[in-house]
Amino acid sequence: RAARINVAPVHKMKAFLSSMAASFLIHLICMSALLLFMTYILKIDFGNRVGYIVLTTFTGSLTGLTFGSFVSALVKKSENLKVAIALSVTMTGSFLAGMMYAQMKYVVMSKAPILAYINPVNLITDAFYTLYYYADLERYFLNIFLLFILSVVFSIGTYLILRRRRYASI
């Protein structure tokens, strides 16, 4: 299938953006259903910042999809290896963001703060923490901006890898 897409007379960027748009739409529908379920069935009160929660969810979804496409384009091995690499990076990011050991977030911020700013898991959790604990939204918008930048970097990286890929035959 990839070989057929590659030899099709469609620009690589157009093909990439159309497939990402379809994936993003499906993911947004699933995430919207989850938010509606949590709000109306589980009766979780998100307070008066629901719009920001939705923005964080959508931005985090975009970052996750672009990261997945980047890993898939970068690794030229089996699908199982691609999934293993994506899970390993995500779990490492989760650990460094304090999702498994709460104090790790503070250790990273004090010892290697750059990791906190390039770790998508940390940016997403920090955006949610900021909405919950702080009245000022400056830190929140920094997290959202950095997530968007990471999405752009992953997308450009994916495009640069895919545009060079050639197949001998279909």
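In this structure Phe145 has an accessible area near 120 Å², from a 1.4 Å probe over the protein heavy atoms.
Ranking Asp45, Asp136, Asp126 from most to least accessible surface, computed with a 1.4 Å probe over the protein chains only, gives Asp45, Asp136, Asp126. With a cap of 11 neighbouring Cβ atoms within 10 Å, and only residues DSSP puts in a loop, list the trypsin sites (Lys or Arg not before Pro) found in region 42-106. Those satisfying the criteria are Lys43, Lys76, Lys77.
Largest first, how would Leu96, Leu17 line up by accessible area (1.4 Å probe)? Write down the numbers at each step before the final one.
Values: Leu96 45, Leu17 95 Å².
If we order Leu96, Leu17 from most to least accessible, we get Leu17, Leu96.
Determine the calculated [θ] at 222 nm for the chain from helices alone, applying -39500 (n - 2.57) to every DSSP H run no shorter than 4 residues and normalising by the residue count; nearest 500 deg cm²/dmol. Numbers along the way, then the final one.
Numbers: 8 runs with 128 residues, N = 170.
Here the helix-only value at 222 nm equals -25000 deg cm²/dmol.
To the nearest 10 Å², what's Phe128's accessible area with a 1.4 Å probe? Taking all protein chains as shown, Phe128 has close to 80 Å².
The listed residues Leu62, Leu36, Leu160, once ranked by accessible area (1.4 Å probe) with the largest placed first, stand as Leu36, Leu160, Leu62.
The fraction of accessible area contributed by carbon and sulfur in region 73-170 is 68 percent, rounded to a whole number (1.4 Å probe; ligands and nucleic acids excluded). Extension gain, Lys111-Met91: 0.36 nm per intervening residue step, less the Cα-Cα distance, totals 5.2 nm. Summary of the geometry: region 24-103 and region 131-159, compared by the centres of their Cα atoms, lie 13 Å apart.
When nucleic acids and ligands are ignored and a 1.4 Å probe is applied, Val107 ends up with an accessible area of around 70 Å².
If only the Cβ of Lys and Arg carry +1 and only the Cβ of Asp and Glu carry -1, the dipole of the chain around its Cα centre is close to 1000 debye. The length gained on full extension between Leu55 and Ile41, counted as 0.36 nm times the residue separation minus their Cα-Cα distance, comes to 2.9 nm. Taking label positions 7 Å along the Cα-Cβ direction at both Leu17 and Ala33, the computed distance is 2.9 nm, reported to one decimal. Answer with one residue from Leu81, Gln103, Ala116: the one whose Cα lies farthest towards the positive end of the charge dipole of region 34-170, charges on Cβ with Lys, Arg +1 and Asp, Glu -1. Checked the options; the winner is Leu81. Whole-Hz Karplus values for region 21-33 come out as 5, 5, 4, 5, 4, 5, 5, 5, 4, 5, 5, 5, 4 Hz, taken residue by residue from phi with 6.51 cos²θ - 1.76 cosθ + 1.60 and θ = phi - 60°; glycine and proline positions read x. Entry note, region 92-145: relative contact order of 27 percent, from Cα contacts under 8 Å with a spacing of 6+ residues. Among the listed values (1) 33; (2) 27; (3) 38, the one matching percent of Cα pairs over 26 Å apart as calculated from this structure is (3).
As an exercise, use a Förster radius of 41 Å and the Cβ-Cβ distance of Tyr133 and Val10 to find the FRET efficiency, rounded to the nearest 0.05.
0.30
The values are calculated or read from the model by the stated rules, or taken from the named source; none is laboratory data. Predicted model, so just to flag it, every value in this text is computed and none were measured. Note that we place each Cβ from the backbone using ideal geometry, even for glycine, and neighbour counts take in every protein chain shown. Side chains included, ligands, DNA and RNA excluded: accessible areas come from the protein's heavy atoms. Shrake-Rupley method; radii C 1.70, N 1.55, O 1.52, S 1.80 Å.
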